Every structure is written in structure tokens, then in C-alpha cells.
Amino acid sequence: MKILVCISNVPDTTTKVKFIDNSRTLDTVGVQWVINPWDELALTRALELKDDPANGIQQVAVAHVGLVSAEPTIRKALAIGADEAFRVNSYAKDAFFVAAQLSEVIKTNPFDIILCGIESSDYNGSSVGGMLSEFLGINSVSAVSSIKIENGKSLIHREIDGGKEILTIPSPYVAIVQKGIAKEPRIAAMRGIMMARTKPIKVSEPVDIDSLTEVIHFELPKPRTACKFVDPENPKQLIELLQNEAKII
Amino acid sequence: MSVLVFTENWDGKFKKLSFELISYATKLAEMLNTKSIALSIGEVEKSELEKLGKYGAHKIISIINKNLDILDNQVYSQLIADIAQKEEVTVIVLANNNVGKALAPRLSVRLKAGLGAGVTKLPVNIDPFVVYKKVYSGNAFAEVRIKSEIKILTIAQNSFDLIETYNHAEIVNTEVFVADGQVKTQMLEVQKQTGKILLTDAEIVVSGGRGMKTPDNWGPLIEMASLLGAATACSRPVSDEGWRPHEEHTGQTGKIISPNLYFAIGISGATQHLAGVSSSKVIVAINTDKDAPIFEAANYGIVGDAIKVLPKLVDAIKELKGK
Ligand SMILES: Cc1cc2nc3c(=O)[nH]c(=O)nc-3n(C[C@H](O)[C@H](O)[C@H](O)COP(=O)(O)OP(=O)(O)OC[C@H]3O[C@@H](n4cnc5c(N)ncnc54)[C@H](O)[C@@H]3O)c2cc1C
């Protein structure tokens, strides 16, 4: 079996975002780029599954739609342990465009399990995984918090309100993963970093497809009104404010 | 033309979330000079379905089919897309929750319809169609233009007020055929807790961080939550340490919530934590460090030791509730 993890290249989660070009474009000066945290956990789980020979995973690959500037992030995924990488050489216009490009990669390089993170920390769209499965005409499971393999079958935990479902679904499928899928992201060791240098990144050109959405304007959140402080000796005052001023309890 | 709303039910009952979606869709339909239609899948009594009409649904399509008891993303999205085409729908509205996130992207591809995910208010413009949403985990907002003829929107929970309009909705029971072999998702087991207020539904949330020091200190926090009818939550290190269950973890990598009132107690206010709670309408922070970043996000604050402040707060709430 082969697993593909789709990775997004996003600003480090502590970045103070700023915009340029009339608030239409992210100012990338000084931004540190990282693997989207969810995708990093998905990759970690894929590698954990491969570690146990009983699971019969021969290969873990990663795929990314982006320009050559994203290669350090892809190399990081290889250093963590992915065997090879695919990159579609294009600016990521929107989720629909990205999913369409990823589906082309998978049509020529089939995988049994495809993992996507529940959202990317930039556009927070929760879109690519579901879209990809529909482009491929295969099934998908969302809100996945655990994947195990038993006798070649996937056992999946799907989070529901107030609990979870344990289910199985035939391969190939797309799993859209979230909290629980892996505990801590795996960190690249020196050996991995050395090995990553020689692992292949297979670059392809995008197919011609239109995006369906475009960001026309970004804005920063309005500053919150200054915090009103209450005397710690008299918390009753807080309750009164919440009741009479904020009118919320 | 019409606006279609996908409504989930929970053991045959709708939630406030369902009515938010209908209210949103009905307002949007008005802007587009059309009507809203609700789609309900599963066994829901007539009196419950009629509630959707109260919030403006013009027509309610009700489907009951045992092969739809399991959420199979492929089967569901095909079914919803077919109905959307038959009803000549121009916008489909879903919740930005687990189910909405599972189906909306598939519908987007099936119908070649641009997806506006997690929108927080009505479109800022209709032609061109422009929606408003949170990006960069709440560190920014964006206006996004949807270029396709059909549009799909998922609406952030608790971001749109209910509007009662008392439409008398027509309920249309619709038969659909789903072949047994079509449902590929096979359910082995369901584990579910009942009776607890769900974090994502709660209007008030009381949340504790590492500043609570030890798991034994949670007593007054839980008591305060139960007095307020609130859900309890925590920061990531707290659930990582096993002080509190994982479902309570809020933030970028946990649950994203938008209650009316959020208490952050002994939580520093790291960007990753705020990413999950910054849409709360009012934030109260209790922290020993007056420079903690949480106070920049908070509306009300107490600089002090949570362990000492909490029992006093509990007393004050008891006094209030006693009145
Ligand atoms: C990729 C990534 C994703 C992450 N996702 C999340 C996430 O989803 N959610 C999340 O919460 N974190 C997340 N984090 C972790 C985040 O960066 C912070 O480390 C975390 O939120 C800190 O938790 P805390 O505020 O409980 O603890 P601390 O940062 O240790 O803060 C404790 C606070 O309590 C105060 N305090 C101490 N004693 C008392 C007392 N007696 N009374 C009152 N106050 C007191 C201190 O002044 C301090 O402000 C993520 C990190 C990364 C890198």
C-alpha cells in the first residue's frame, strides 16, 4: 500500500500577518514558512503506519502545489521521512485549483490512502481534501482522529458531536484528519536531513483550469476595546459588569 | 432560482445552529429575490420540521431512507447535488461544522460551484458575489469573490442571529433510491456521551490553562461552569498533560468556538490559543501576569491568582442566581 500526504506551505503560526498591494497580497517579508500543522501530523501518522511492517505500507509520499520557493518545506517533509515528493509548479490560485492539480498527480501515480489536514492555517478553508476526493471520484472521510490498519483494512475514528464513530471504508479513499491523528509532529533527525537531499522531488506543470474564487481584499481585525480591569478582591464587580453592561449572563 | 439549506438533525431534533442557517439563507434569498428551501435527511417529526418554516424556509424537502443513516460523503454529496440541480438552486448553505466541512467541498467540485468556507456574515455584495470570512486563523479577514454561477457557503456557528419570520412552509416528503451497494462507509461502533453541553454549542465557556497549576484545582472552575450553564474547556498543554479530556482543547489545533462569553483562566493567550476563541463575543481573562497577551484580547480582566479568585467568583454567581 502507498500513502500520499498533501501538504500546504503556510506562514509559521506565530506570524503577525501584514498585507501589501492595496491589502490584496500577504507581505512575505520576514515570514517563516512551515508545513501546515495538520499536514505535519498527517505525515507523522503516515510514517508511524509505515514503521510497522505488519501494515504493509511500502511508500509514503507528499504532494504540494506551489512554486519552487516552497521546496525547503517539501525537503523538510522528506527529512521527516517521506520517501518522495511531487510538486505541481504553480501558484496556488484557490482550493479548487489546488485540488484539481493534486488529482492529476494522483491519476498518474495512484495511492491507496490519501491524507489531507482539516484546514490550512492561511485560508482556513477546510476544502482541499473533500474537493480532491470528488475530482478523483473516490470516497472520503472527514473529521478523522485516528487511522489504524488491521488485516489490510483501515479502521477509522470519525469525530461526531459528543463522541466518535468507528468505521471502515475500502481503499482508495481520502481521509481529512484533525486532532488526535498523531500526538506530536515527528521531528527531522540529522540523518533524515542528509538523506532528504537526494530524495526525488518530481515536478510537473499545472493543467489548465480556472479557479472559482479569488481574495479581493484582506483586512486586519479591528482592535478590541481596551480591557476593563476589575479588583481581584472584589470579583462580584465582574459579575455585575457581565450582567448589566455586557448583558451576557 | 432558490437558496438550499442542508440541515442536520440530532436524534430527530434540530439545534439553534440549524435555525441560524435557515435565518441566514432566508435573508440571502431576499437579497437575491428568491426563496429558501430546507433539506432534511433522516427521521424528523412534522412538528419539528415546521420549526424550520418559522425561520423562513419556504419549502422543506424531507427524505427518509435507511441507507442514509450512515453519513457516506460520496452518497450524501451526490444526493444533495441532484436535489440542487432539480430545484435550480443558486446558493447552497451548510454549517461550518464536521458534516458541513465533509460535504461542501465535494459539492463544490460536483457542481463546479465556488466555495466560501466559514463565512461570518451575509455577502458584502451580490453581483459580483463577495463573501466575508476569517483567514490566518483569526489574525485577518478576507473578502472573497465567488466567480461561479452556483455558490456554496458554510456559515460559522453563532455568527448570525436568528430571525423569526413565521412562513408557513410546505413540507414535501421525497423518496430517493440509494442502492445498498452504494454506501461504502461501514459503521462498526458509535461511542457517544449524552447529557453534556457540547463545547461547540455552548453560549458560555469556562476555560482553564496551565495557570490552574494542578488538575485538582478544577473544582471551582467546574462549579462556576455548571452555575452558568456553561461548557468547560482548556488550553492545549492542559489536555496534553491529561489534566482535562482532549475534547476540551480549544485553539488552532483543537476546537474553534465562538460563544457569547469565554472565560480564559490561567491562560497566557498564545496566538494558537486565540485562533480558536477570538470570535467569542466577550472574553474575560484571569491571570497573575498583567502583561499576559490574553488581556489584549479580553474585554474584562482580573489580575490575580485564579485559585483565590475563582471561589469568590463562584460565590458572586450564586448570589446573583439566588436573586
Ligand atoms: C503549531 C502549534 C499549534 C498549537 N495549537 C494550540 C491550540 O490549539 N491551543 C492552545 O491552547 N495552544 C496551542 N499551542 C500552544 C500555545 O503556543 C501555548 O503554548 C499554549 O496555548 C499555552 O497554554 P497556557 O496558556 O495554558 O499555558 P502558559 O503559556 O504556560 O500560560 C499560563 C498562564 O497562566 C498564568 N498563571 C500562572 N499562575 C497563575 C495563577 N495562579 N492564576 C492565574 N494565572 C496564572 C501565567 O501568567 C500564564 O499567562 C500550539 C502551539 C503550536 C506550535
The conditions are (1) within 9 Å of the ligand (Cβ to nearest atom); (2) closer than 24 Å to B:ASN139 by Cβ; (3) open to solvent by 10 Å² or more (accessible area, probe 1.4 Å), and B:LYS308 fails exactly one of them. Which is it? (2)
Any residue at all in segment A:220-240 that's surrounded by 14 or more Cβ atoms within 10 Å (Cβ to Cβ), in a loop (DSSP other than H, G, I, E, B), more than 8 Å from every other protein chain (Cβ to nearest Cβ) and of a type in the set (D, E, K, R)? no
Specify the residue that is surrounded by the fewest Cβ atoms within 10 Å (Cβ to Cβ); the eligible residues are those in segment A:108-131 that are touching a residue at least 60 places away in the same chain (Cβ under 8 Å) and not in a loop (DSSP other than H, G, I, E, B). A:ILE113
Since B:THR288 meets every condition but one in (1) more than 11 Å from chain A (Cβ to nearest Cβ); (2) near the ligand (Cβ under 9 Å from one of its atoms); (3) in contact (Cβ under 8 Å) with a residue 40 or more places away in the chain; (4) open to solvent by 40 Å² or more (accessible area, probe 1.4 Å), which condition does it not meet? (1)
Can you pull out every residue in segment B:21-36 that is open to solvent by less than 10 Å² (accessible area, probe 1.4 Å) and assigned to a helix (DSSP H, G or I)? B:LEU21, B:ILE22, B:SER23, B:TYR24, B:ALA25, B:LEU28, B:ALA29
Whichever residue in segment A:1-27 is assigned to a loop (DSSP other than H, G, I, E, B) and of a type in the set (A, V, I, L, M, F, W, C) and, among such residues, is nearest to A:GLU219 (Cα to Cα): A:VAL17
Starting from segment B:308-320, keep only residues that are under 16 Å from B:TRP218 (Cα atoms) and free of Cβ contacts under 8 Å to residues at least 40 places away in the same chain, then list their pairs with residues that are among the β-branched types (Val, Ile, Thr) and open to solvent by less than 10 Å² (accessible area, probe 1.4 Å) whose Cβ atoms are within a distance under 6 Å, requiring at least 6 positions of separation or different chains. B:VAL309/B:ILE286; B:VAL309/B:ILE302
Pick from A:GLU134, A:GLU165, A:GLU184: which is acidic (Asp, Glu) and in a helix (DSSP H, G or I)? A:GLU134
Given (1) under 28 Å from B:LEU320 (Cβ atoms); (2) open to solvent by 30 Å² or more (accessible area, probe 1.4 Å), identify the lone condition not met by B:GLN272. (1)
In segment B:84-98, residues that are in a helix (DSSP H, G or I) and either under 19 Å from B:PHE160 (Cα atoms) or open to solvent by 30 Å² or more (accessible area, probe 1.4 Å) (or both) total 3
If you go through segment B:192-211 one residue at a time, do you hit one that is within 13 Å of the ligand (Cβ to nearest atom), of a type in the set (Ser, Thr, Tyr) and surrounded by fewer than 17 Cβ atoms within 10 Å (Cβ to Cβ)? no
Please tell me if B:GLY229 is touching a residue at least 24 places away in the same chain (Cβ under 8 Å), within 12 Å of the ligand (Cβ to nearest atom) and either over 21 Å from A:ILE118 (Cβ atoms) or surrounded by fewer than 17 Cβ atoms within 10 Å (Cβ to Cβ) (or both). no
Of the conditions (1) within 11 Å of chain A (Cβ to nearest Cβ); (2) open to solvent by 10 Å² or more (accessible area, probe 1.4 Å), the single one that B:ILE317 does not satisfy is (2)
For segment B:57-83 the number of residues that are touching a strand residue (DSSP E or B) at 6+ places or on another chain (Cβ under 7 Å), away from chain A (no Cβ under 14 Å) and part of a helix (DSSP H, G or I) is 2
With away from chain B (no Cβ under 14 Å) and in contact with a Pro (Cβ under 8 Å, 6 or more places away or on another chain) as the only criterion, which of A:VAL34, A:VAL29, A:VAL60, A:VAL65 stands out? A:VAL65
Only one of these conditions is not met by B:GLY276: (1) near the ligand (Cβ under 7 Å from one of its atoms); (2) at the interface with chain A (Cβ under 8 Å from one of its Cβ atoms); (3) under 17 Å from the mean Cα position of the chain (by Cα). Which number is it? (2)
For strands (runs of 3 or more DSSP E) lying entirely in segment B:123-203, having 3 or more residues that are out of contact with any Gly (no Cβ under 7 Å at 6 or more places or on another chain) picks out B:129-135, B:140-146, B:170-174, B:186-192
Given the structure, is B:GLY266 modelled with pLDDT under 95 and near the ligand (Cβ under 7 Å from one of its atoms)? no
Hey, any hits in segment A:146-156 for a residue that's facing chain B (nearest Cβ under 8 Å) and not polar (S, T, N, Q)? yes
If a residue has to be small (Gly, Ala, Ser) and near the ligand (Cβ under 8 Å from one of its atoms) to count, how many in segment B:232-263 make the cut? 3
Given the conditions (1) on the phi > 0 side of the Ramachandran plot; (2) more than 12 Å from chain B (Cβ to nearest Cβ), and given that A:PRO110 satisfies all but one, which numbered condition is not satisfied? (1)
Residues being of a type outside the set (Gly, Ala, Ser), open to solvent by 10 Å² or more (accessible area, probe 1.4 Å) and not in a helix (DSSP H, G or I) - total across segment A:88-107: 4
So the check is Cβ under 7 Å with 6+ separation or different chains; which pairs have a first residue in segment B:148-169 that's farther than 29 Å from B:THR200 by Cα and a second one that's part of a strand (DSSP E or B) and not β-branched (Val, Ile, Thr)? B:SER148/B:GLY114
Search result, residues across segment B:212-222 that are away from chain A (no Cβ under 14 Å) and either away from the ligand (no atom under 14 Å from the Cβ) or out of contact with any Asp or Glu (no Cβ under 9 Å at 6 or more places or on another chain) (or both): B:MET212, B:LYS213, B:THR214, B:ASP216, B:ASN217, B:TRP218, B:GLY219, B:ILE222
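The values are calculated or read from the model by the stated rules, or taken from the named source; none is laboratory data. This is a predicted model, so every value here is computed, not measured. Quick reminder, even Gly has a Cβ in these numbers, built from the backbone with ideal geometry, and neighbours come from all protein chains shown. What goes into the accessible areas is simple: the full protein's heavy atoms, side chains included, and nothing from ligands, DNA or RNA. Shrake-Rupley method; radii C 1.70, N 1.55, O 1.52, S 1.80 Å.
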